[in-house]
1. Would you be able to tell me the number of residues in segment 107-155 that are of a type in the set (Lys, Arg) and either at pLDDT below 90 or closer than 13 Å to HIS92 by Cβ (or both)?
2. Of all residues in segment 113-144, count the ones that are within 16 Å of the chain's Cα centre (by Cα) and buried (at least 18 other Cβ atoms within 10 Å of the Cβ).
3. Specify the residue that is surrounded by the most Cβ atoms within 10 Å (Cβ to Cβ); the eligible residues are those in segment 69-85 that are in a helix (DSSP H, G or I) and among the hydrophobic types (A, V, I, L, M, F, W, C).
4. Just give me the residues in segment 86-133 being in a loop (DSSP other than H, G, I, E, B) and among the hydroxyl-bearing types (Ser, Thr, Tyr), in sequence order.
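The values are calculated or read from the model by the stated rules, or taken from the named source; none is laboratory data. Note that this is a predicted model, so its numbers are computed, not measured. Glycine also receives a Cβ, built like all others from the backbone with ideal geometry; neighbour counts cover every protein chain displayed.
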Amino acid sequence: MTKQCCEKRGVRAVQKVTISLVLAGCLFALMLSDLSASPPWFRGKRLQCDDCRQATGPTGGDVGGAWYWMRSPEQEKTVIAGYYNRYCVRCHGVDGRGVWDIPHVPDFTNARWQASRSDEQLARIIQEGRGAVMPPFRGTLSLEESWAMGRYLRTLAVANEPARPTPGAAK
């Protein structure tokens, strides 16, 4: 056998494996789509749990609109703080003041900086990046997560304010 013959056999084997994997993926997708369909003996009958019956009302009609799962404010802050720790801490620091050896990193605790940017600008900066220093996070964070990150950056300024004295405290 020549080298070309062996190479052709290797290419054919790879092609066969690739085609087999693609067909297996298609069959798997068809099986998953059929799982959502009910078996023939349940067709026309609607099974509902107690929660669904209460949500649809006594008539059994669907409530209009789509349902989306939303995080509570505490859950959102925890998730976004995790994203901040994963992607932003290296340059912006734990407290948001910036790392000393990277030039032109904004201080998120500065009230003037906070006031000079809208939430929309913060979300756009997070999505598109800043020049060659800050990478864009368009593929990493969704638009909603970018807006939530902007809201989280606003909390960094509040957390670093000096403590205010309580009225009526002894001097």
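1. Kept after step one, since they are of a type in the set (Lys, Arg), are these residues of segment 107-155: 112, 117, 124, 130, 138, 151, 154.
Keeping just the survivors that are either at pLDDT below 90 or closer than 13 Å to HIS92 by Cβ (or both) gives 130.
Summing the residues that are of a type in the set (Lys, Arg) and either at pLDDT below 90 or closer than 13 Å to HIS92 by Cβ (or both) in segment 107-155 gives 1.
2. Residues meeting the conditions: 5.
3. Here is the first cut: in segment 69-85, the residues in a helix (DSSP H, G or I) are 73-85.
After this cut, where a residue has to be among the hydrophobic types (A, V, I, L, M, F, W, C) as well, the list is 79-81.
Values: VAL79: 14, ILE80: 22, ALA81: 13.
Checking each candidate, the answer is ILE80.
4. Step one: filter segment 86-133 for residues in a loop (DSSP other than H, G, I, E, B), giving 93-110, 116-118, 129, 131-133.
Within segment 86-133, THR109, SER116, SER118 meet the criteria.
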